[in-house]
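*Asks:* Shown below is the structure under consideration.
The values are calculated or read from the model by the stated rules, or taken from the named source; none is laboratory data. From a predicted model like this one, the values you see are computed outputs, not experimental measurements. FYI the Cβ positions are ideal-geometry reconstructions off the backbone, even for glycines, and counts take in every protein chain you see. The area values use the complete protein model at the heavy-atom level, side chains included, leaving out ligands, DNA and RNA. Shrake-Rupley method; radii C 1.70, N 1.55, O 1.52, S 1.80 Å.
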Amino acid sequence: MDELKVIVFKLATEEYGIEVDKVQTIERMMPITRVPKTLGFVKGVINLRGVVIPVIDLRGRFNLPSQEYNDQTRIIIVEVEKMQVGFIVDSANDVVDIKRSSIEKPPEVVGGVKARYLDGVAKLDEERLLVMLNLAEVLDKTEVVQLESIED
């Protein structure tokens, strides 16, 4: 397969992509229950159709300035290490097909986000670059362990 189907979402001015097969659902903002003693970017948990899912603000994760949630704000539910996690993003409104060959290694920093969180940068056309997220790095192992304890 040399094409990837990717969900496009926005954080600040950058567009990011997550492979469709890693995304379970995209939800509108909903009430988030705060959880004490968690990392700053962990907003809390949501109850989605009976499943408790930890939610992370990706702006906080990437040290981007926070922004009020609005009608465009979405929670993208992904699976990382066999665990569901919600990522709060500014908007998610597009699915695109990308040729694997168009994905290049990321520079050290893209829009203030460290390269270890990124899988690469895909050139969609002359104007549009899509930053591909490395989900395994966005949540490193120790953080996943912390999040798993939230679910209990």
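*Asks:* Are there any strands (runs of 3 or more DSSP E) wholly within the range 26-134 with 2 or more residues that are in contact (Cβ under 8 Å) with a residue 12 or more places away in the chain and more than 16 Å from THR13 (Cα to Cα), and if so which?
*Replies:* It comes to 42-48, 51-57, 74-80, 83-89, 91-99, 118-123.
Residue-wise test of (1) surrounded by 13 or more Cβ atoms within 10 Å (Cβ to Cβ); (2) aliphatic (A, V, I, L, M); (3) modelled with pLDDT of 90 or more.
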site	(1), (2), (3)
GLN24	yes, no, yes
THR38	yes, no, no
ILE56	yes, yes, yes
GLY60	yes, no, no
ASN70	no, no, yes
LYS82	no, no, no
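*Asks:* Considering every residue within the range 5-17, establish whether at least one is among the aliphatic types (A, V, I, L, M), modelled with pLDDT of 90 or more, closer than 21 Å to LEU147 by Cα and in contact with a strand residue (DSSP E or B) (Cβ under 9 Å, 6 or more places away or on another chain).
*Replies:* Within the range 5-17, not a single residue is among the aliphatic types (A, V, I, L, M), modelled with pLDDT of 90 or more, closer than 21 Å to LEU147 by Cα and in contact with a strand residue (DSSP E or B) (Cβ under 9 Å, 6 or more places away or on another chain).
*Asks:* Something else about it: What residue, among those in the range 1-22 that are open to solvent by 70 Å² or more (accessible area, probe 1.4 Å) and not in a loop (DSSP other than H, G, I, E, B), is nearest to ALA136 (Cα to Cα)?
*Replies:* Applying the filter and picking the extreme gives LYS22.
*Asks:* Let me spell it out: the conditions are (1) modelled with pLDDT under 90; (2) touching a strand residue (DSSP E or B) at 6+ places or on another chain (Cβ under 9 Å); (3) open to solvent by 20 Å² or more (accessible area, probe 1.4 Å), and VAL42 meets all of them except one. Which number is the exception?
*Replies:* Tallying (1) modelled with pLDDT under 90; (2) touching a strand residue (DSSP E or B) at 6+ places or on another chain (Cβ under 9 Å); (3) open to solvent by 20 Å² or more (accessible area, probe 1.4 Å), VAL42 fails exactly one: (3).
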